[in-house]
Amino acid sequence: MQQTRSGLGYGAGAYLLWGLFPLYWPLLEPAGTVEILAERMAFSLVVMVVVLPFTGGYAGVRRILADRRQFGLLAAAAFVVTFNWGTYIYAVNSGHVVESSLGYFINPLLTIMLGVFVLHERLRRLQWIAVGIGAAAVVVITVDYGRPPWIALILAVSFALYGFFKKQAAAGAADSMLVETAVLFPFALATIIVIGARGDLVFGTRWSTSVLLAGTGLITVIPLLMFAAGTRRLPLSVVGLLQYLAPVVQFAIGVGVRHEHLPAAEWVGFVLVWIALVVLTFDGLRSQRATARLAQSAEAVAA
C-alpha cells in the first residue's frame, strides 16, 4: 500500500509538472523558440551529468554505448523529441496551448496505430471504435480550422514515435536521458553559438531570464525521474490513467489562464477525443481484469 501511495505521488507529480509547462515557457521571452530549445537540450545534459551518479552511476550508459542497436534507437528518439519540444515551446509562446493539449490527448490513439502498422498488433473491437472516434474528432477540427491541426498532430506523432523508440531500446530512464541529451548537445551548442554570433542571444543579457533558461534543464529532468519512480511502483493501467492529467491541466491553462478562444466546432472535436479516451480506458481496464482472472485460474490449476 505504501509503495502504491508513493507511486501515485511520483506519477501524478510528473504529469502535473508536465501540464504546468505552459506557465513556464512565456517567462523565457524575449528568447525565441530555437534558443529556448537549444538551451533546454544543453542544460538537460548538464543536470543529467550531475544527477546520474546518484541514480546508479554510468554503467548503464556504457552498456548503451556498446550496443549499436540500442544507441541508434535512442539517437532516433533524441531527434524525434527535438521536434516535440520545439513544437511545444512554439505552440505555448504563440498562443496555441489548447491545440497543444489536443496533441497529447490524441497521442494514445496514435500509439495504438503504431502498434498496428509497425508491430502488426491486432486491435480489439473497442480499440478500433476509439481510434475511429479520435479520427472523426480530427476531421471535425480540420473542417473548423480550414486546415489540419498541425501543432496537435506534430506533437502527437513525435511523442508517439519517441515512446516507440524508447520502448524498443528498453534502457533505464536516467541512462537513456543522458545519452539522448548527449546526442543533441553538439547541435544545441552550435545553435547557441550561431545565435550569439548574430547578436540575438538572450541568455547572459538579463540575470533573471538567464536563470530561468538554465532552469529548463531542471524542469526537463525532474518530472522524467519522478515518472520513472512512479512507473516502477504502479500498475500499467494506473499509469495509463495518470497520463491524461498533463493535457487536462494544459487545456485548463489554455482556456482559463491564457483565455484562448474555443469555437463550438472545436468543443465538439475535444468532446469526441475525450469519448474516445473513455472507451480506450474502459477497454484497457476490462482487458487487464480478464488477464488477471486467467492468471489466477492458471495458478489455481497449477496448485
Check: Of all residues in region 70-83 being crowded, with 19+ Cβ neighbours inside 10 Å and of a type in the set (A, V, I, L, M), which is farthest from the chain's Cα centre (by Cα)?
Finding: L73
Note to self: Show the residue pairs meeting these rules: Cβ distance below 6 Å; 6+ apart or different chains; first residue within region 170-184 and surrounded by fewer than 24 Cβ atoms within 10 Å (Cβ to Cβ); second residue modelled with pLDDT under 85 and among the hydroxyl-bearing types (S, T, Y).
What the structure shows: A174/T55
Notebook entry, point to check: Taking region 104-137, which residues are under 22 Å from N84 (Cβ atoms) and of a type in the set (F, W, Y)?
Noted result: Y104, F105, F117
Notebook entry, point to check: Looking at region 97-109, is at least one residue of a type in the set (D, E) and modelled with pLDDT of 90 or more?
Noted result: yes
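Checking the structure you have, find out if any residue of region 91-106 is touching a helix residue (DSSP H, G or I) at 6+ places or on another chain (Cβ under 7 Å) and either free of Cβ contacts under 8 Å to residues at least 24 places away in the same chain or outside any helix (DSSP H, G or I) (or both).
Yes, some residue in region 91-106 is touching a helix residue (DSSP H, G or I) at 6+ places or on another chain (Cβ under 7 Å) and either free of Cβ contacts under 8 Å to residues at least 24 places away in the same chain or outside any helix (DSSP H, G or I) (or both).
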Check: Looking only at region 33-69, which residues are surrounded by 19 or more Cβ atoms within 10 Å (Cβ to Cβ) and aromatic (F, W, Y)?
Finding: F43
Next item on the list: Scan region 146-169 for residues that are over 25 Å from R232 (Cβ atoms), in a helix (DSSP H, G or I) and in contact (Cβ under 8 Å) with a residue 12 or more places away in the chain and jot them down.
Entry: I151, A152, L153, I154, L155, A156, V157, S158
Next item on the list: Hey, can you tell me all the residues within region 191-246 that are in a helix (DSSP H, G or I) and of a type in the set (S, T, N, Q)?
Entry: T191, S208, T209, S210, T216, T220, T231, S237
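Okay, residues lined up against (1) more than 30 Å from L272 (Cβ to Cβ); (2) among the polar types (S, T, N, Q); (3) touching an Asp or Glu at 6+ places or on another chain (Cβ under 7 Å):
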site: L114; (1), (2), (3): no, no, no
site: L119; (1), (2), (3): no, no, no
site: R122; (1), (2), (3): no, no, no
site: R125; (1), (2), (3): no, no, no
site: P149; (1), (2), (3): no, no, yes
site: A156; (1), (2), (3): no, no, no
site: A174; (1), (2), (3): yes, no, no
site: V179; (1), (2), (3): yes, no, no
site: I195; (1), (2), (3): yes, no, yes
Item checked: Residue that is nearest to V194 (Cα to Cα) [pool: residues in region 39-69 that are within 20 Å of the chain's Cα centre (by Cα) and not hydroxyl-bearing (S, T, Y)] -> E39
Note to self: So if I check each of V257, V279, which one is within 13 Å of P108 (Cα to Cα) and at pLDDT 85 or above?
What the structure shows: V279
Check: Which numbered condition trips up Q127, out of (1) buried (at least 20 other Cβ atoms within 10 Å of the Cβ); (2) not in a helix (DSSP H, G or I)?
Finding: (2)
Next item on the list: For Y58, state whether it is at pLDDT below 95, among the hydroxyl-bearing types (S, T, Y) and more than 25 Å from V183 (Cα to Cα).
Entry: no
Note to self: Filter region 135-147 down to the residues that are more than 19 Å from I275 (Cα to Cα) and either of a type in the set (V, I, T) or modelled with pLDDT of 90 or more (or both) and list them by number.
What the structure shows: V143
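The values are calculated or read from the model by the stated rules, or taken from the named source; none is laboratory data. Model, not experiment: these values are computed from the prediction. Glycine also receives a Cβ, built like all others from the backbone with ideal geometry; neighbour counts cover every protein chain displayed.
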